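I have placed the structure first, in the form of structure tokens, so that the comments after it can refer back to it.
The values are calculated or read from the model by the stated rules, or taken from the named source; none is laboratory data. The structure presented is a predicted model; accordingly, all values stated were derived computationally and were not measured. When we count neighbours, we look across all protein chains shown, and the Cβ atoms used for this are built from the backbone with ideal geometry, even at glycine. Note: areas computed on protein heavy atoms with side chains; ligands, DNA, RNA excluded. Shrake-Rupley method; radii C 1.70, N 1.55, O 1.52, S 1.80 Å.
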Amino acid sequence: NNLTNLKSKHYDAIFNVGVLHHAFRLSNTMWALHKTLKKNGLMFNFEYVGPAYNQYSDEHLKIIKQINDSLSSRFRSIIPLRPKLSSFQKGDPSEAVHSDILIQSITRFFDILYEREINGGIAYPILWNNIDEFKKMDNNAQKIVELLINEDKKITQNKKIPSLFWYSVVTPKSHN
């Protein structure tokens with residue numbers, strides 16, 4: 001949130017790995033990053049672009065719950081699949097604060113050279129606080145991970161849920 005020490009038109013590349021969805025002043029941050037890149041500089045983004053504060057729609061939540069409930073108790077998430085807003089206030093108030101407008105904010109200041117949706121609408125909510133059993137990487141864990149990724153891909157492609165993650169390569173728009 002404080003990019004005042006960065007040099008103007010100085011950098012060839014910026015690598016953003018899941019940072020921008022924490023920016024409170026997103027437009028100011030985008031403008032500051034835009035100003036730091038050289039004319040043909042590149043910014044590489046891997047970002048959470050789902051609903052702000054992970055507040056999935058009721059329909060999205062229903063699909064996540066159905067899949068989570070179909071898993072054996074070993075792999076089922078017991079963490080709320082749609083976090084309470086109060087948990088952000090007590091924990092990290094910057095988490096996914098403007099994730100829902102991140103792509104729009106980036107494209108205001110940058111031209112997209114390459115982009116790819118990375119899904120996550122099923123696997124992420126089930127796995128993000130539920131990883132210990134999956135780390136064991138036994139056959140059952142591997143099968144469930146494959147199932148979650150395949151369901152995630154299929155349901156996202158059918159537009160039943162949004163893609164929660166986005167990869168892009170962008171370059172600054174010229175502002176004459």
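Looking at HIS34, HIS60, just one residue is open to solvent by less than 60 Å² (accessible area, probe 1.4 Å), farther than 29 Å from PHE15 by Cβ and touching a residue at least 60 places away in the same chain (Cβ under 8 Å), and that residue is HIS60.
When the residues of segment 2-18 are filtered to those that are modelled with pLDDT of 95 or more and of a type in the set (A, V, I, L, M), the one that is farthest from MET43 (Cα to Cα) is VAL17.
Flag: LEU61 matches the condition of being at pLDDT 95 or above and either in a loop (DSSP other than H, G, I, E, B) or not acidic (Asp, Glu) (or both). Listed by first and then second residue, the pairs linking a residue in segment 129-151 that is more than 19 Å from GLN66 (Cα to Cα) and in contact (Cβ under 8 Å) with a residue 40 or more places away in the chain to a residue that is open to solvent by less than 100 Å² (accessible area, probe 1.4 Å) and in a helix (DSSP H, G or I), with Cβ atoms under 8 Å apart and 6 or more places separating them unless they lie on different chains, are GLU133/ALA141; PHE134/LEU127; PHE134/ALA141; PHE134/ILE144; PHE134/VAL145. There is no residue in segment 39-51 that is closer than 18 Å to SER174 by Cα, assigned to a loop (DSSP other than H, G, I, E, B) and either open to solvent by 80 Å² or more (accessible area, probe 1.4 Å) or polar (S, T, N, Q) (or both). Name every residue in segment 77-93 that is within 14 Å of ASN129 (Cα to Cα) and surrounded by 16 or more Cβ atoms within 10 Å (Cβ to Cβ), in order of residue number. Correct list: SER77, LEU81, ARG82, PRO83.
In segment 89-103, the residues that are part of a helix (DSSP H, G or I) form Cβ pairs under 6 Å with partners that are among the hydroxyl-bearing types (Ser, Thr, Tyr), at six or more places apart or across chains, as follows: SER99/TYR48. Looking across segment 122-154 at every residue that is open to solvent by 20 Å² or more (accessible area, probe 1.4 Å) and β-branched (Val, Ile, Thr), the one that is farthest from LYS39 (Cα to Cα) is identified as ILE144.
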